[in-house]
Amino acid sequence: MLRIVSLIASASEIVASLGLSRYQVGRSHECDFPPEILTLPICTSPAFPTDGSSAEIDQRVKERIANALSVYEVSRETLDALQPTHVITQTQCRVCAVSLEDVERALTGWVTSRPKLVALEPNALADVWCDIQRVAAACGVPQRGAEVVADLQNKMQEISQRAQAGSRCPRVACIEWHQPLMAAGNWVPELVEMAGAANLFGQAGAHSPWMDWQQLVDADPDVIITMPCGFDLARTNAEMYWLTDRPEWPKLRAVRTGQVYLADGNQYFNRPGPRLVESLQILAEILHPEAFEPVLEGLAWQVLLVPERRQRTHS
């Protein structure tokens, strides 16, 4: 019988989409969807404090990587106790989730069940579809994998067609980290284009690029959407001062026209799995309010509401 341990949040969602959640026996500390997996044993933990500001977290991560230290820790004892048949991890990013190297070290000589290691590598949308089918094939349900991929692609195509039917094609800056400034890459540029907009920063299939403030000022986007990796709406809002305290901020076109939005990057845009459909829906609701009801507003995205006091300090 299958005994699946998922060490990446998007993989838990892939497992669920395949109808295999009942076989999942362990998870990472970041796996929190679907809700029924929350009672499963946790097999990982961050190797550094995750509180603090964007700049502080960035510094801690860079220090560990510079010293050849892992950003996450994997519990060998917990993995062995769970006796998994399959362990799912990723090779895409050492910062976003437990790396393949971390898992291989934990499995070597420790996990007596000798599980099959399934490593995902989602750099672009096409890779996400391949990853879903990879998990399905490894778990013995390849046909279900093909069905899930076809269903997700059909849903995204429907959203995209509606979004691109309008005459508006705004220039959009998607921000993945506040300090230092980082644009969203990988699959996000594809989602922006599918949503009938022009993506200003980051390339499809490439890692999210660092950028400087002047690049944002010079581009002067029509719309700014900030979606920090690992942050929910509340934490994203609390970190907006890295942008709003800049003297040039009030002069930006998106700010002057009220086209600055916050999105839940943790639950949606930074999880390369089934909920990329909802991520596209978020963009469509933001960019084409005339065609899409704001069904995810307040839950997954919101308009930036800058306090009046802070507005006056920049006037």
Quiz prompt | Sequence of SER17, SER6, SER167 from largest to smallest accessible area, 1.4 Å probe | solution = SER167, SER17, SER6
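For ASP220 and ARG235 in one chain, what is 0.36 nm times their gap in residues minus the Cα-Cα distance, to one decimal in nm? Before the final figure, lay out each step's value.
Numbers: separation 15, 0.36 × 15 = 5.40 nm, distance 2.49 nm.
Extending this stretch completely gives an extra 2.9 nm.
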Quiz item: So, in nm, how far is label TYR23 from label ALA198 when the simple model puts each one 7 Å beyond its Cα toward the Cβ?
Solution: 4.8 nm
Practice problem: Estimate the FRET efficiency between SER113 and ASP151 by the formula 1/(1 + (r/R0)^6), using the beta-carbon distance for r and 35 Å for R0, to the nearest 0.05. | Solution: 0.60
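Using only Cα atoms, what Kirkwood radius does the range 191-240 have, in angstroms? If you can, show how the numbers build up before the last one.
Values: mean 1/r = 0.0783 Å⁻¹.
After inverting the mean inverse Cα-Cα distance, the result is 12.8 Å.
For the range 163-315, what does the equivalent ellipsoid look like in terms of its semi-axes, each the square root of 5 times an eigenvalue of the Cα gyration tensor, given largest first in whole Å?
22, 17, 16
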Self-check item: Antiparallel bridge percentage (DSSP; both residues within the chain; nearest 5)
Solution: 25 percent
Quiz item: Dividing the alpha-carbon radius of gyration of the range 254-305 by 2.2 N^0.38 Å (N being the number of residues), what value is obtained?
Solution: 1.12
Practice problem: Divide by every residue of the chain the summed helix terms, -39500 (n - 2.57) for each DSSP H run of at least 4, and state the resulting mean residue ellipticity at 222 nm, rounded to the nearest 500 deg cm²/dmol. | Solution: -11000 deg cm²/dmol
Exercise. Would you mind checking the range 171-189 for residues with the amide N under 12 Å from a putative spin-label position 7 Å along Cα→C-beta of TRP210?
Key: 179-183
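By how many nm would the segment from SER45 to GLU248 grow when fully extended, if each residue of separation counts as 0.36 nm and the alpha-carbon distance is taken off?
Working: separation 203, 0.36 × 203 = 73.08 nm, distance 3.88 nm.
Roughly 69.2 nm would be gained on extension.
The values are calculated or read from the model by the stated rules, or taken from the named source; none is laboratory data. Because the structure is a prediction, the values reported are computed rather than measured. Virtual Cβ from ideal backbone geometry, glycine too; neighbours counted across all protein chains shown. For accessibility, only protein heavy atoms count, side chains too; no ligands or nucleic acids. Shrake-Rupley method; radii C 1.70, N 1.55, O 1.52, S 1.80 Å.
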